[in-house]
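What follows is calculated from the coordinates using simple rules that are stated; it is not laboratory data. Note that this is a predicted model, so its numbers are computed, not measured. No Cβ is skipped: glycine too gets one built from the backbone with ideal geometry, and neighbour counts run over all protein chains shown.
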Ligand SMILES: Nc1ncnc2c1ncn2[C@@H]1O[C@H](COP(=O)(O)OP(=O)(O)OP(=O)(O)O)[C@@H](O)[C@H]1O
Ligand SMILES: [Mg+2]
């Protein structure tokens, strides 16, 4: 078993303090943003296209370096799920899931089997990606993120390319995974219901430069794997977010 992957680690606190990010063109996407995520918190980030959500996620992932200030994720083991599954077509499902371990020379078939079971794809282990539906391919990409036992899960619009029915199923599956495991999670989404169903806290953002319009806890009686779209509290939250994002203005 992979030594690094086997070590249990606690979910990290994530802290942006006066964080700045400026592109070489001079465009300032973060101009001193401060944000604190508690260990194990699932935070959904919503906001108009181009406001800087992916930039924020890339900073937390260590894929971009802040121009100033602090981005601190402690000793987090990070995993990123992109909008598209980005699977290697010539590798089987199991080989795709194993990729992060293969790349660091730490093969761990048991971890691959566990990750596949978590997304309900044990039976598809030996198939090639082209034999899978879009929803199944997205599940493979989530399993690939889970295989290295991350403590910080970064999801950038993971279901936006998926049809509505499959998306509803994936919400419930991801909800169960988030309930069962202690990740700190940042989920970027354009789907306000997805935010309300999956998060503990929803942050509505505007920018650039990125600023917080609204930062609300999700109050729900059910575990997130079984939250109900028709719960009035979900409706209330979505209404508050729509108002903050100015989506209901009539011409
Ligand atoms: N490689 C780049 N070079 C220069 N500017 C960029 C680059 N990528 C993005 N930007 C700019 O940074 C800003 C923020 O982009 P970002 O991708 O973080 O937005 P976003 O909120 O994730 O948008 P979307 O919802 O469309 O994914 C945008 O206004 C964009 O013009
Ligand atoms: Mg984006």
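For region 181-251, what class follows from the C-alpha gyration tensor (a ≥ b ≥ c being the square roots of its eigenvalues): rounded when a/c is under 1.5, otherwise prolate if a/b is larger than b/c, else oblate?
Taking the square roots of the gyration eigenvalues as a ≥ b ≥ c, region 181-251 is oblate.
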Roughly how tilted is helix 93-103, in degrees to the nearest 10 and between 0 and 90, from the longest Cα axis of the chain? 80 degrees
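Can you tell me how region 85-149 classifies by the Cα gyration tensor, rounded, prolate or oblate, using a/c under 1.5 as the rounded cut?
prolate
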For Cα pairs less than 8 Å apart in space and 6+ apart in sequence, what is the mean separation divided by the residue count of region 1-132, i.e. the relative contact order in percent? 25 percent
To the nearest 0.05, the calculated FRET efficiency linking residue 104 and residue 15 through their beta-carbon distance, R0 being 25 Å, is 0.40
Average Cα contact separation per residue, region 85-149, under 8 Å, 6 or more apart, as relative contact order %: 50 percent
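Sum -39500 (n - 2.57) across every DSSP H segment of at least 4 residues in the chain, then divide by the residue count to get the 222 nm mean residue ellipticity, nearest 500.
Helix contribution divided over all residues of the chain: -10000 deg cm²/dmol.
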By how many degrees, 0 to 90 and rounded to 10, does the Cα axis of helix 232-244 deviate from the longest principal axis of the chain? 60 degrees
Starting from the 7 Å offset along Cα-to-Cβ, what nm value, one decimal, do you get for the label separation of residue 231 and residue 49? 3.1 nm
Subtracting the Cα-Cα distance of residue 201 and residue 240 from 0.36 nm times their residue separation yields 12.7 nm
Rounded to the nearest 5, what % of the DSSP beta bridges within the chain are antiparallel ones? 50 percent
Spin-label model distance (nm) - residue 70 vs residue 168, 7 Å beyond Cα toward Cβ: 4.5 nm
Between residue 247 and residue 88, the two model label points (7 Å from Cα along the beta-carbon direction) sit apart by a distance in nm of 3.8 nm
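Could you tell me the relative contact order of the chain? Use alpha-carbon pairs under 8 Å, at least six residues apart, and round to a whole percent.
Relative contact order of the chain: 26 percent.
Could you work out the Kirkwood radius for the chain, taking every pair of different alpha carbons, averaging 1/r and inverting it, reported in Å?
In the chain this quantity evaluates to 18.7 Å.
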Quick one: angle between helix 109-118 and the longest Cα principal axis of the chain, in degrees between 0 and 90, rounded to 10, please. 50 degrees
Apply the a/c threshold of 1.5 to the C-alpha gyration tensor of region 61-169 and tell me whether it is rounded, prolate or oblate. oblate
